[in-house]
Amino acid sequence: MELSLIDYINRGGIIVYILILLNVIGFTIMFWKLVVLALSKNNKEQLVSEILTFAQHNSSEFKKDSIQNIINRKIKKLEFGLNTVKIIASMAPLLGLLGTVIGVLDSFDSITKSGLGDPSIFSNGISVALITTIAGIIVAIPHYMGYNYIVGILDEIELRIEKEVLKKI
C-alpha cells in the first residue's frame with residue numbers, strides 16, 4: 001500500500017501541520033526579501049548620494065563613524081524579517097524531534113495496553129515519529145540555506161556601498 005503525500009501529512013499530525021505553516025511563512029519572507037534586495041541593488045546610487053550629502057554637511061571628524069552608522073542602519077532595514085527565517089530554521093528540527101518523542105511514546109503506550117502480539121501497534125507510532133523527523137529536516141534545510149544566501153547578499157551590498165562612498169569622499 002503506497003501512501004500519498006496527504007496521507008503522510010495526516011499521519012504526522014499537528015506537528016507536521018505546524019511545520020507546513022512555518023514553511024509557508026519562511027518561504028514567503030525569503031521571497032519578499034529577495035524582491036526587496038533586487039530593488040535595493042537598483043537603488044544603490046540613490047543610497048550612495050544620500051550618504052555623501054550627509055557627509056558633506058558634517059564635520060570631517062565624524063564622517064567615517066557617521067557614514068558607517070548610516071550604512072549599518074540601511075542594511076538593518078534590509079535585514080528586517082530574516083530573524084524569523086533563522087528561527088524557523090532552528091525550530092523545525094526541534095519540532096520534528098518533538099514529533100519523534102510523541103510517536104515513540106505513543107508506541108510504548110500501545111505496547112503497554114495491548115502487548116507485543118501485533119507488531120503493527122508498535123510500528124504505527126514509529127511511523128509518526130519518522131514522518132515528523134523527516135518533515136522537520138525538510139523545513140530546516142532550505143531555511144538555513146536561504147537565510148545564509150540572503151545574509152551573503154546583504155554583506156555584498158554593504159561592501160559595495162562602502163566602497164562607492166569611500167571612492168567619492
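Report yes if G152 is open to solvent by less than 70 Å² (accessible area, probe 1.4 Å) and either under 23 Å from the mean Cα position of the chain (by Cα) or not hydrophobic (A, V, I, L, M, F, W, C) (or both), otherwise no.
Here the answer is yes, as G152 does meet what is asked.
Across the stretch 138-147, the qualifying residues are those that are free of Cβ contacts under 8 Å to residues at least 60 places away in the same chain and either outside any helix (DSSP H, G or I) or touching a helix residue (DSSP H, G or I) at 6+ places or on another chain (Cβ under 6 Å) (or both), and the one among them that is most open to solvent (accessible area, probe 1.4 Å) is Y144. Would the stretch 121-129 turn up any residue that is at pLDDT 85 or above and under 19 Å from V24 (Cα atoms)? Checked against the condition, which is being at pLDDT 85 or above and under 19 Å from V24 (Cα atoms), the stretch 121-129 yields no hits at all.
The values are calculated or read from the model by the stated rules, or taken from the named source; none is laboratory data. Keep in mind it's a predicted model, so treat the numbers as computed, not measured. Backbone-built Cβ (ideal geometry, glycine too); neighbour counts: all protein chains shown. Accessible surface areas use protein heavy atoms only, side chains included; no ligands, DNA or RNA. Shrake-Rupley method; radii C 1.70, N 1.55, O 1.52, S 1.80 Å.
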